[in-house]
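No value in this document is a laboratory result; all are computed from the given coordinates. Computed from a predicted model, the values in this text were never measured in an experiment. Reconstructed Cβ throughout: ideal geometry from the backbone, glycine too, with neighbour counts over all protein chains shown.
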């Protein structure tokens, strides 16, 4: 392979692919280097029973301004604009209307305290009402939204995301991961190759990989924060490692269950397993009208159930769904696919959250070094973190920073 480039991009997730799309046609030579055997990172679509299933990101959040919406339109990928069913309990099963109103009021009161009287600790859990019986419910919602419980969540960080969110949520019937992989088809990508170090001592950067050293004028680092924090890539930049360590990845896992005789279930319905504990499942019934239940587990619930193959999630889903639909219901279910992002060595989690007091770590992580080392990824976004569109925006920004630094006419 050629070992000299203008730009090397470390990581072929949503941020690295977006950076590559921006550099394409710029006249600069570049290479995307990816440790995995596929592109997409935490965006991953698998096909089971002929159905594309997203094991990672699945919703075009802020779809009206999401850059992947534009990519989908450009390449002809279908978009489903059906409003999400979150917050509506199918037939009020296990969650009577009066309880739903009480839980909703408790969450709104909690959210008002976050917004209007945030705790000095910046720790979201400190805004809970100790006497409220709905604190487990609120913590469960945090697990789904942030991948982590409220005790480890920065209030300032959480509110930054909320202020930017347009509350427009669309889906891709063909899969989010499939969209990103399709967009990457024409890009120069080297798979099964990890970046182990970046040497800045010479005029040209030297990027170490198991296949040899790449010489380049600039590097865009688009890797998950745990990879950076534990020093898998030798950077000699303690401030970057510290910033990454303040932006750990929370955990959210999915389980897809095929449903026999699914016609008695609503298309695009929703159920919360139980509102009375933080470790509970969120069940999307027949997404896109398919004979499938998409089970979603976040935070401590996801961590407790993660295993190799989704067996624990399957057993837990059977328990919760039998309590809602009856003891015979699990006989109609068959596991199709499951994620395990916490144990995946190239991600070590799902999406980033700032630890209390460390919302500014996002700015620190994203700052360029010597105008030739640039950083991208959802954790580098100050308000669209935890999303593929946040990754896209930071990848595009890093590419534009590299273009400007290298004096490319395409920087305009």
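Among 240, 331, the order by Cβ neighbours within 10 angstrom, fewest to most, reads 331, 240.
Using only Cα atoms, find the angle between the long axis of helix 388-405 and the longest principal axis of the chain, and express it within 0 to 90 degrees, rounded to the nearest 10. With rounding to tens, the tilt is 10 degrees. For the chain, the longest principal axis of the Cα atoms and the long axis of helix 155-164 meet at an angle of about 90 degrees.
How big is the C-alpha Rg of the chain next to the rule-of-thumb value 2.2 N^0.38 Å, as a ratio?
For the chain, the normalised Cα radius of gyration comes out at 1.00.
Once each part is reduced to its C-alpha centroid, what is the distance from region 155-212 to region 95-115 in angstrom? Here the answer is 36 Å between Cα centres. Most tightly packed first, judged by the mean number of other beta-carbon atoms within 10 Å of their residues, the peptides 256-262, 359-365, 81-87, 44-50 read 359-365, 256-262, 44-50, 81-87.
Start at zero, step by 10 Å, and the Cα-Cα distances of region 256-412 spread as 10, 28, 25, 18, 13, 5, 1 percent across the bins.
Can you say what percent of the DSSP beta bridges in the chain, counting only those with both residues inside, are antiparallel? Round to 5. Close to 70 percent. The distance linking region 341-383 with region 1-64 is 17 Å (Cα centroid to Cα centroid, whole angstrom). With respect to the chain, whose longest principal axis is taken over its alpha-carbon atoms, helix 311-325 is tilted by about 30°. Can you tell me which of 11, 340, 174 moves the most in a GNM of the chain? Springs connect C-alpha atoms under 10 Å apart. The residue with the greatest mean-square fluctuation here is 174.
Entry note, the chain: the mean residue ellipticity at 222 nm calculated from DSSP H runs of n ≥ 4, each adding -39500 (n - 2.57), is -9500 deg cm²/dmol after division by the residues and rounding to the nearest 500. Peptides 244-252, 59-67, 108-116 ordered by packing proxy, namely the average of other Cβ atoms within 10 Å per residue, highest first: 244-252, 59-67, 108-116.
Take the Cα of residue 38, step 7 Å toward its Cβ, do the same at residue 363, and the gap between the two points is 3.8 nm. For region 1-98, the share of DSSP beta bridges that are antiparallel, to the nearest 5, is 45%. Comparing Cα centroids, region 122-139 and region 258-276 end up 28 angstrom apart.
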